[in-house]
Amino acid sequence: MPIPLQDGWLYGPVDSRRYGRSLGVNPLPLDRKLCSLDCLYCQYGFTRAQDVAGRAEVPSAAELADAFEREFSKLAAAKDFPDRITVAGNGEPTLHPDFLNLSRALAEARDRHFPGATLGLLCNSMHLNRDDVVEAINDCYDEPAMKLEWGSAECFAAMNQVSPKGLQRVLDGLTRIHRFVVQALFMRSPQADNSDPGEVAVWLQHLQRLRPERVELYSLDRPPESQAQAEAVPRERLIDISNQVRALGIPAEVY
Ligand code: SF4
């Protein structure tokens with residue numbers, strides 16, 4: 001079953017085994033998921049099912065800047081210092097029309113209140129044709145985690161329920177990002193299996209060309225929409241794939 005959407009612009013901080021004290025930022029609407037992909041495994045359910053009436057409203061960069069200042073001041077006064085601040089939220093954060101300015105405001109607020117905190121981003125890699133998005137990612141984020149989990153355009157189209165042309169757009173766009181982590185979720189369904197050895201071999205070629213700083217491998221940790229019929233890939237297979245990534249000289253971790 002999909003999980004509920006985030007109901008605020010900031011969520012947490014919560015204790016995370018991986019990130020320590022972790023604060024989330026959601027620059028997207030509160031009443032629907034806003035995303036350019038429709039991943040079979042999305043924790044928020046299918047994008048196309050978000051048939052909420054009216055226009056999607058996003059907070060302006062100025063409203064977000066005020067919220068960062070207000071909430072970070074409160075946390076700092078309570079001596080609750082996050083180790084990491086991650087921009088993600090209800091869909092794809094780079095769809096925010098003023099992503100560059102909201103990212104600058106966040107980086108400035110982080111520098112003022114929590115200079116030791118890492119600034120992370122979860123990004124679906126689909127909007128790197130926008131100069132402002134590329135500038136924001138290169139200038140403001142310490143650890144942008146970029147989605148790249150498909151070998152072929154056919155697998156990309158089937159897993160994300162979009163046009164196959166998008167894969168080339170992702171691959172071209174990633175060449176513009178100076179340093180990034182790859183986030184790759186592996187799954188099997190009747191429509192697509194990106195853990196298939198042939199798919200993985202092509203994906204490894206993408207990695208070899210793009211040389212990310214690190215690759216993070218996952219599978220499903222909660223059941224997605226039942227219609228997607230998506231299933232987790234066994235951990236042994238993830239470890240096997242991660243060893244193939246390391247053989248390229250790229251660090252890899254299985255979560
Ligand atoms: S990119 Fe992320 S938010 Fe968008 S559909 Fe895929 S999993 Fe969901």
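The values are calculated or read from the model by the stated rules, or taken from the named source; none is laboratory data. In this text, all values refer to a predicted model and were calculated from it rather than measured experimentally. Using ideal geometry, Cβ is built from the backbone for each residue, glycine included, and neighbour counts are taken over all protein chains shown. The area values use the complete protein model at the heavy-atom level, side chains included, leaving out ligands, DNA and RNA. Shrake-Rupley method; radii C 1.70, N 1.55, O 1.52, S 1.80 Å.
When segment 44-99 is examined, which residues are found to be modelled with pLDDT under 95 and among the charged types (D, E, K, R)? The answer is ARG48, ASP51, ARG55, GLU57. On the stretch given as segment 170-195, residues that are of a type in the set (D, E, K, R) and either surrounded by 16 or more Cβ atoms within 10 Å (Cβ to Cβ) or touching a Lys or Arg at 6+ places or on another chain (Cβ under 6 Å) (or both) total 2.
Count of segment 114-163 residues, restricted to those that are under 30 Å from ALA76 (Cα atoms), surrounded by fewer than 20 Cβ atoms within 10 Å (Cβ to Cβ) and more than 16 Å from the ligand (Cβ to nearest atom), is 8.
Taking segment 136-165 as the region of interest, how many residues are acidic (Asp, Glu), farther than 19 Å from ALA228 by Cβ and not in a helix (DSSP H, G or I)?
Within segment 136-165, the subset acidic (Asp, Glu) is 139, 142-143, 149, 154.
Filter once more, keeping what is farther than 19 Å from ALA228 by Cβ: 139, 142-143.
Checking which are not in a helix (DSSP H, G or I) leaves us with 142-143.
So the answer is 2.
Suppose the filter is touching a helix residue (DSSP H, G or I) at 6+ places or on another chain (Cβ under 8 Å) and either closer than 22 Å to PRO164 by Cβ or open to solvent by 90 Å² or more (accessible area, probe 1.4 Å) (or both); does LEU248 pass it? No: the conditions fail for LEU248.
Restricting the search to segment 110-135, which residues are part of a helix (DSSP H, G or I) and either small (Gly, Ala, Ser) or within 18 Å of the chain's Cα centre (by Cα) (or both)? Before the answer, list the steps.
Let us first name the residues in segment 110-135 that are part of a helix (DSSP H, G or I), namely 110-113, 131-135.
Selection gives ASP132, VAL133, VAL134, GLU135.
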